[in-house]
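What follows is a short report on a single structure.
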Amino acid sequence: MTFLEATGQLKTFYLGTAVSVGGAILMTIGLRAGESAAWVIDPISLALFGIVLGIGGFTWLCFALKCPKCRTRILWNAAAHGSTNFIADALFSPKCAVCGYQPK
Ligand SMILES: [Zn+2]
């Protein structure tokens with residue numbers, strides 16, 4: 001069992017990821033629509049909204065996922081230490097990288 005599963009934070013992770021991916025999709029739609037289509041909302045606004053949503057979702061994840069013992073922000077900590085694959089590290093590690101807490 002991974003740390004996020006064991007600490008009940010997997011749903012938080014999925015939610016934040018879904019928001020980020022949704023933002024990226026909106027951004028892509030907005031950018032690809034360009035000036036051509038007669039849209040209900042301005043494509044540039046849609047793209048900007050997508051960017052804000054994408055960055056916001058990821059930032060929220062960085063702050064929301066915490067070790068219940070030492071309160072370390074798991075994703076933030078992994079990113080700050082410059083691991084190239086920090087998301088995978090944060091997801092699949094069975095214990096906290098800082099205090100070594102391993103939930104049962
Ligand atoms: Zn910890």
Quick one: in region 87-96, which of the residues that are within 14 Å of the ligand (Cβ to nearest atom) and closer than 13 Å to residue 9 by Cβ is surrounded by the most Cβ atoms within 10 Å (Cβ to Cβ)?
-> 90
Mind checking which residues of region 3-24 are without any contact (Cβ under 8 Å) to a residue 40 or more places away in the chain and either over 13 Å from residue 58 (Cβ atoms) or more than 12 Å from the chain's Cα centre (by Cα) (or both)?
-> 5, 8, 10, 11, 14
Kindly provide the set of residues from region 12-64 that are under 21 Å from residue 93 (Cα atoms), touching a Phe, Trp or Tyr at 6+ places or on another chain (Cβ under 8 Å) and at pLDDT 95 or above, ordered by number.
-> 16
Check off (1) within 16 Å of the ligand (Cβ to nearest atom); (2) assigned to a helix (DSSP H, G or I) for residue 99 and give me the number that stays unchecked.
-> (2)
Scan region 63-86 for residues that are away from the ligand (no atom under 15 Å from the Cβ), assigned to a helix (DSSP H, G or I) and surrounded by fewer than 16 Cβ atoms within 10 Å (Cβ to Cβ) and jot them down.
-> 63
Go over the candidates 7, 12, 28 one by one and state the one that is within 16 Å of the ligand (Cβ to nearest atom) and not acidic (Asp, Glu).
-> 7
Selection from region 44-66 of residues that are in contact with a helix residue (DSSP H, G or I) (Cβ under 6 Å, 6 or more places away or on another chain) and closer than 18 Å to residue 5 by Cβ = 61, 64, 65
Among the residues listed as 55, 51, the single one being over 17 Å from residue 12 (Cβ atoms), surrounded by 15 or more Cβ atoms within 10 Å (Cβ to Cβ) and within 14 Å of the chain's Cα centre (by Cα) = 51
Output for Cβ contacts, cut-off 9 Å, separation at least six or different chains, first residue more than 17 Å from residue 102 (Cα to Cα) and without any contact (Cβ under 8 Å) to a residue 40 or more places away in the chain in region 65-89, second near the ligand (Cβ under 8 Å from one of its atoms) and assigned to a loop (DSSP other than H, G, I, E, B), reads 81/97
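The values are calculated or read from the model by the stated rules, or taken from the named source; none is laboratory data. All values derive from a computational prediction rather than experimental measurement. Because the Cβ atoms are built from the backbone with ideal geometry, glycine has one as well, and the counts that use them run over all protein chains shown.
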